[in-house]
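*Asks:* This is the structure, below, for whatever I ask next.
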Amino acid sequence: MDFPIHSLSRARDVDGEAAEAYLKYLDIRAAFLIGRFRKHPDFPGVHTGYNSITGIEFAEEDNLPYGWINGRGVSAFCRFADAFPHAKDELMAFAGHTVSWLEKHLALNDGHIPFLAERSGMEKQTQCPCPKGYKSYSDLYGALAFVEYGARVQDKRLVALGVNLFDQAIDALKANRFVPEPDPIFEDRLFENPYSIALDTANDFYKLLGDARYLQMAADLTEHLLDAHYAEEAGAFVEFASLDGKPLRGENGDYIVDPGHSVEFCSFALEFARLAVQAGQFGSLAERIRRLAPKLLLWNVEKGWNRKHPGMFKSFEAVSGQPVNRTMPWWILPETMLGLLLGYECTKEELFLEKYVDAHNAYFGMYMNEKTNFGPFQNIDGDTGLPVDIVPACKFQDPEFHAGKNILTCTQVMERIGLGAL
């Protein structure tokens, strides 16, 4: 199998030819996921239980369904189905199969989708239990799955189920009753990422359903994130805030930054700003985002970049710049690629495309594994530059939610802003 992606040399290489290569690559990845469905048709959801380095299948006892893998998988399959008509029927069948299991998990677990479930669908106990009245990432991703799939097949019941679950997750966030799987509850601080994921979901609901309340919800979430997590004196978007909504320093007096999370926020905020401008609403907030987010994107790439082995560290200190977690999970680079394209769309500054070239070359040059049809290694050691078997979040491989869906969105942004004709 030929690998269709080539390295880029300069900003002007970010063009229609690159976008076409991305689509060929994503077609390979879509076929790989369909192959997993054919191989495991009775599995309760998305089966990506294999080692990202060796490609070896997990032992049977480790093949259990993950709630957020199922939810994210449905979203990715729906987007791929839109892009690849020849594979649409199987991708939507895979999505529908997974949605049916998400419904069962929700019903069996008192209105909550578990992070990890037994084959029966009942929650399996982990280090991140979700008490009654709490919600989690799995609920957010499940809500997205119900609406993404339900809107496409015109199933109003599924859409209503997703809308209700999302509303419950937002209420849980506001009450600080949210479980950030796979971590346990943070009772003494606010964690930014669930709010960012909720912002992304609100953007998607607005685009899928056309309901203006989701644009308002996205505005509220964006304002909270900027007010609570942007440390202006450090120029950083930080992981944690105090319970009263102020950027929180760690024990050594510095802020902790996860550049992948920070870049995600910038992308979600810029997309909200684009939608708001189109709707003629939230003009001052959109302008605030357009001033701040491009600077934050470049700051994160500069501070978080590993100059020894190209890629992004998992976390670092905002002021000292010292890495905290020196691993380099795969997902940060595709998120960064999309963020930089959105930064270019906002500013038209070529520097964003130059940084994009670096991120593209690092991802496709360092992370591709021929043993898994050019799926990414889950993690790379920032000191050695070699793949390392350290699980960033859960054992199962991500079903192209972070990588494939973002790269697909890159092609759409490239077309929208005229970077070559597709």
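The values are calculated or read from the model by the stated rules, or taken from the named source; none is laboratory data. Small disclaimer: the values here were computed from a predicted structure and weren't measured. Cβ sites come from the backbone with ideal geometry, for glycine too, and all protein chains shown count toward neighbours.
*Asks:* Limited to region 281-315, what total is found for residues that are farther than 20 Å from Thr347 by Cα and not hydrophobic (A, V, I, L, M, F, W, C)?
*Replies:* Residues meeting the conditions: 11.
*Asks:* Further, regarding this structure: Determine whether region 277-285 contains at least one residue that is within 21 Å of the chain's Cα centre (by Cα) and of a type in the set (A, V, I, L, M, F, W, C).
*Replies:* no
*Asks:* Hey, Gly111 hits all of (1) part of a helix (DSSP H, G or I); (2) among the small types (Gly, Ala, Ser); (3) in contact (Cβ under 8 Å) with a residue 12 or more places away in the chain but one; which does it fall short on?
*Replies:* So Gly111 meets the others, but not (1).
*Asks:* Given the criteria within 19 Å of Thr222 (Cα to Cα) and crowded, with 24+ Cβ neighbours inside 10 Å, does Tyr137 qualify?
*Replies:* Yes; evaluated as a whole, the condition is true for this residue.
*Asks:* Is it the case that region 42-56 has a residue that's polar (S, T, N, Q), under 18 Å from Glu181 (Cβ atoms) and in contact with a helix residue (DSSP H, G or I) (Cβ under 6 Å, 6 or more places away or on another chain)?
*Replies:* no
*Asks:* Restricting to region 94-136, name every residue that is within 15 Å of Arg72 (Cα to Cα) and small (Gly, Ala, Ser).
*Replies:* Ala95, Gly96, Ser100, Ser136, listed by residue number.
*Asks:* Which condition breaks for Arg213 when tested against (1) of a type in the set (D, E, K, R); (2) modelled with pLDDT of 95 or more; (3) within 30 Å of Ala151 (Cα to Cα); (4) in contact with a strand residue (DSSP E or B) (Cβ under 7 Å, 6 or more places away or on another chain)?
*Replies:* Unmet for Arg213, out of (1) of a type in the set (D, E, K, R); (2) modelled with pLDDT of 95 or more; (3) within 30 Å of Ala151 (Cα to Cα); (4) in contact with a strand residue (DSSP E or B) (Cβ under 7 Å, 6 or more places away or on another chain): (4).
*Asks:* OK, next. Given Asp171, Asp200, which one is crowded, with 20+ Cβ neighbours inside 10 Å, charged (D, E, K, R) and within 18 Å of Asp139 (Cβ to Cβ)?
*Replies:* Selected residue: Asp200, the only one of Asp171, Asp200 that is crowded, with 20+ Cβ neighbours inside 10 Å, charged (D, E, K, R) and within 18 Å of Asp139 (Cβ to Cβ).
*Asks:* Okay, moving on. Quick one: would you say Leu351 is crowded, with 22+ Cβ neighbours inside 10 Å and either in contact with an Asp or Glu (Cβ under 6 Å, 6 or more places away or on another chain) or at pLDDT 95 or above (or both)?
*Replies:* In short, no.
*Asks:* All but one of (1) closer than 26 Å to Leu297 by Cβ; (2) part of a loop (DSSP other than H, G, I, E, B) hold for Asp358, so report the exception by its number.
*Replies:* The one condition Asp358 does not meet is (2).
*Asks:* Let me ask another. Kindly indicate the residue of region 1-17 that is within 21 Å of Ala31 (Cβ to Cβ) and not aromatic (Phe, Trp, Tyr) and also nearest to the chain's Cα centre (by Cα) among those meeting that condition.
*Replies:* The residue in question is Ile5.
*Asks:* OK, next. Restricting attention to region 17-49, which residues are hydrophobic (A, V, I, L, M, F, W, C) and either under 14 Å from Met414 (Cβ atoms) or part of a helix (DSSP H, G or I) (or both)?
*Replies:* Those that are hydrophobic (A, V, I, L, M, F, W, C) and either under 14 Å from Met414 (Cβ atoms) or part of a helix (DSSP H, G or I) (or both): Ala18, Ala19, Ala21, Leu23, Leu26, Ile28, Ala30, Ala31, Phe32, Leu33, Ile34, Phe37.
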